[in-house]
Every structure is written in C-alpha cells, then in structure tokens.
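Below you'll find the structure, written out as structure tokens, and then a few comments.
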Amino acid sequence: MKIKLFTFGLIFILLVPQIFAQKKRKVDEGIHFGVLGGFSFQSFSGTDYWGETLDNQLTPGFHAGGNVTFPVIADICVQSGLLYSLKGTKQNIITDDITKTTMLSYIELPVNVLYRPQLGDGHLLIGAGGYGGAGISGRERTKSGTITIELPIRFLDDASDEPTSYAYYKRFDAGVNALVGYELYSGIFFQLDGQLGLLQINSDYGLPNDQTSKKNFGFGVSAGYKF
C-alpha cells in the first residue's frame, strides 16, 4: 500500500509540469515567501513495553503553514517555515475488536537545504534537512465494540504519579525531513514529503524494565504557492 501511494505521488509530480506547461520567463532568485498545505499518512515506529517492534497502522494526517526560501549559491537554497501538523497512529489491542487511535497536534519548524535546478518550464525540487516541533494538543481514543473512551493528552516528560484521566506524551519532537517535487515558473509547486522522528515522544511512567519507545514518522503530498 505504501509503495503504491508513493508511486502514484511521484507520477503525479512528474505529470503536473506537462499539464501546466507555460512559456519560460526569467526567475527572480531573491528571498521568497510561500504558503503550502497537504495530506499525509502517519504512524509511530519503535518498541513496546517488552521491546518488541510496534505493529501500528497508518492514520491520516495533514499540515499547513508558510515557508521562506533564501538563495545561497547557484541552484542551492535554504528553506525554513512554520507549520501546523496533525500526526498520530492507530493500533489494535489484543484483538482487532479493540482499537486505539492517537492524534497529536504540533507546531513545527522545518529547515531544509534545497537543490533547485531549472527543468523544463520550472524547477526541480530536491531537499533534505531537519525539523523541530512542540506539541500543543491531542487526544487518545480507545474503541471496543460500541464503547468509546476518549482521553485528552497532557504533555509531560514524567507521568509516573499522574492521574489516569489523561494520556501522556512528551511535548518536544525532532527529526529529519526529505522532499522531492516540482515548482512552476508561476510559483505553484507540488512535492512529496517524508519525515522520520528521532526523539522518543512517549512519557516515562517509572515502570520496571519498560522498553517502550515511540517515534513519529510519516509521508505525504503537499502543494502550495511561492510569491
């Protein structure tokens, strides 16, 4: 499923320049601001309490915000921005009849080095870098048959003595980004995005021999406009 989605997105990006083909014009290589948004598939990687690999499912997410691109030399730029991102995961507990869905909202600051050579009627986009994020809200929903229990999320590093009326996660996340896409001379751009979290986001509960480690990861498609 993941391979099919990635292949479809890549074909989409390669065909877009042909659909919107236009006459070349001289491009201003100064500082540019942009807006973007997109959809993604998110989950957690890592291990459970016993150290076994998590078998979580993908869940829909999205992101929206703005960015700014600074030219460095030739076709190399640095791009940063500020995004609102919805992440999370879905997992089966014991049987398929019990599912737990986690949703986490972040404010993120990505910083990427962008290779942006001219190609056809626009620019090829290839980028990589890192991101930092801060959790601002979330909820965890457990469903068993017709019964649904929903807990709000509190962001704490140590949840050892906290009440069970909340679900707990660490506030800060950080990891690496990658993207590939295409930007038309008109300023419209499309790209495939990927993120891999490097920080453990689950709170510590002070349990003996607990090997739980949850990290965000996801991939998706974005579109936007550069002014």
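The values are calculated or read from the model by the stated rules, or taken from the named source; none is laboratory data. This structure is a prediction, so every number in the text was calculated from the model and none was measured. We place every Cβ from the backbone using ideal geometry, glycine too, and count neighbours over all the protein chains shown. For accessibility, only protein heavy atoms count, side chains too; no ligands or nucleic acids. Shrake-Rupley method; radii C 1.70, N 1.55, O 1.52, S 1.80 Å.
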Extension gain from ASP210 to ARG141, taking 0.36 nm per residue of separation minus the Cα-Cα distance: 22.6 nm
Above 16 angstrom, tally the Cα pairs of the stretch 107-190 and express them as a % of all pairs, no decimals. 68 percent
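When the Kirkwood hydrodynamic radius is evaluated over all pairs of different C-alpha atoms of the chain, what value in angstrom, to one decimal, is obtained?
19.1 Å
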So what is the accessible area of the stretch 156-227 per residue, in Å², with the probe set to 1.4 Å? 47 Å²
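Which of the peptides 166-176, 74-84, 211-221 is most tightly packed, and how do the rest follow, judged by the mean count of other Cβ atoms within 10 Å per residue? It would help to have the intermediate numbers written out before the result.
Numbers: 166-176: 18.1, 74-84: 16.0, 211-221: 19.7.
Those peptides, ordered most packed to least, come out 211-221, 166-176, 74-84.
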Label LEU198 and ILE31 with points 7 Å out from Cα along Cα→Cβ: what is the distance between them in nm? 2.7 nm
Grab the Cα-Cα distance for ASN92 and PHE227, subtract it from 0.36 nm times how many residues apart they are, and report the gain in nm with one decimal. 44.1 nm
Can you pull the percent of the chain's accessible area that's carbon plus sulfur, 1.4 Å probe, other chains left in place? 64 percent
Projected-area average for the stretch 73-113 over all orientations - Cα convex hull basis, square nanometres: 4.4 nm²
Considering the Cα positions of the stretch 30-160, please state its Rg to one decimal place and its Dmax as a whole number of Å. 19.2, 60
